[in-house]
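Asks: What follows is a structure written as structure tokens; I'll ask about it next.
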Amino acid sequence: MKIIKTIDYDHMSEAAAALICDVISEKPDAVLGLATGSTPMGLYKKLIEWNEEGTVDFEKVRTVNLDEYVGLSKDNSNSYYHVMHEFLFDHININYDNTHLPDGMNPNPEEECERYKNLIESLGGVDVQLLGVGHNGHIGFNEPSDSFDSEVHLEDLSLETLNANKRFFESIDDVPKRAFTMGIQTIMRAKKIILVASGEDKAKIMEEIIEGPVTPKVPASILKTHPDCTIIADSDALKLIKNL
Ligand code: F6R
């Protein structure tokens, strides 16, 4: 696992956006695995800027998002469909038909998980998967558990995650309790993985991920076993890691 330490959030965003652009320039129809949450927003801003300048072209790019809340429709401003459009898709030259997320409104969860898994396979798999990380080490919405075996599935969100995400909602009661998410195995099949992290509040979990054992109690710890994973994090998030 490669670790890139940047001085701040802006430099983290720029470095991560540059790696994604490298993948697109090598393969113009690359499949990008995308994430939501706060951390990737700066890098999406960079991608928009570089697309406007003509440095990166999304015309043929395909995307699959990691996850989506159950029960939020596309026009709900907290649905990840809406967030992706608001902060990236509506500002770049991407073909909307090439952008994919789980359908949080599908009343048949098993069918939805199967559909999304098959869709990712039919695109030829993910070329580069972008990840943020939860304070409990979750990636996608894969909460701490006893196994790394999951594929696309419906996850019950932990109290910690509900608390972390309530900042986007009026109250914790409004945060959906379940989400569709790519599983750990789905994520690990990506050819390349980039995990971004920023801020002191992520320092403890980054220490566990980088220096602790590989355990499903810290889902992101499995990234150490991936052949091409890069962590890009700012100095606050990496402040407990000594030898960098
Ligand atoms: C979002 C996702 C989550 C977030 C994580 C960190 O699609 O899969 O794993 O990446 O909760 O969120 P932020 O970046 O808001 O700290």
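Asks: Between His11 and Glu26, what is 0.36 nm times their sequence separation minus the Cα-Cα distance? Round to one decimal in nm.
Replies: Here the segment from His11 to Glu26 would lengthen by 3.1 nm.
Asks: Here is a follow-up. Can you put Asp75, Asp10, Asp234 in order, fewest other beta carbons within 10 Å first?
Replies: Going from sparsest to densest Cβ surroundings: Asp75, Asp10, Asp234.
Asks: Taking the convex hull of the Cα atoms, report for the range 135-176 its projected area averaged over all directions, in nm².
Replies: 3.2
Asks: Under 5 Å between amide hydrogens, which residues at least 5 positions from Gln129 or on another chain qualify, with H placed 1.01 Å from N in the peptide plane?
Replies: Gly33, Lys192, Ile193, Ile194
Asks: Which shape class, rounded, prolate or oblate, goes with the range 60-115 when its Cα gyration tensor gives a ≥ b ≥ c as root eigenvalues, a/c under 1.5 marks rounded, and past that a/b bigger than b/c marks prolate?
Replies: Working: a/c = 2.85, a/b = 1.46, b/c = 1.95.
Note, shape of the range 60-115 comes out oblate.
Asks: When the Karplus curve 6.51 cos²θ - 1.76 cosθ + 1.60 is applied with θ = phi - 60°, which whole-Hz ³J(HN,Hα) does each residue of the range 59-70 get, with x for Gly and Pro?
Replies: Each residue's phi maps through the Karplus curve to give 3, 9, 5, 10, 9, 10, 8, 5, 7, 7, 5, 7 Hz.
Asks: For the range 1-83, what's the radius of gyration and Dmax over Cα atoms, in angstrom?
Replies: Using the Cα atoms of the range 1-83, the pair Rg, Dmax is 14.0, 39 Å.
Asks: Taking every pair of distinct Cα atoms and averaging 1/r, then inverting, what Kirkwood hydrodynamic radius in Å comes out for the chain?
Replies: It works out to 18.0 Å.
Asks: Just the projected area, averaged over all directions, of the convex hull on the alpha carbon atoms of the range 128-231: how many nm²?
Replies: If I average the Cα hull's projected area over directions, I get 6.4 nm².
Asks: Based solely on its DSSP helices, what 222 nm [θ] is calculated for the chain when runs of n ≥ 4 H residues each add -39,500 (n - 2.57) and the sum is averaged over all residues, nearest 500 deg cm²/dmol?
Replies: Rounded to the nearest 500, the figure is -9000 deg cm²/dmol.
Here, each number is a calculation from the coordinates, and none is a lab measurement. Since we're looking at a predicted model, the values are computed, not measured. Virtual Cβ from ideal backbone geometry, glycine too; neighbours counted across all protein chains shown.
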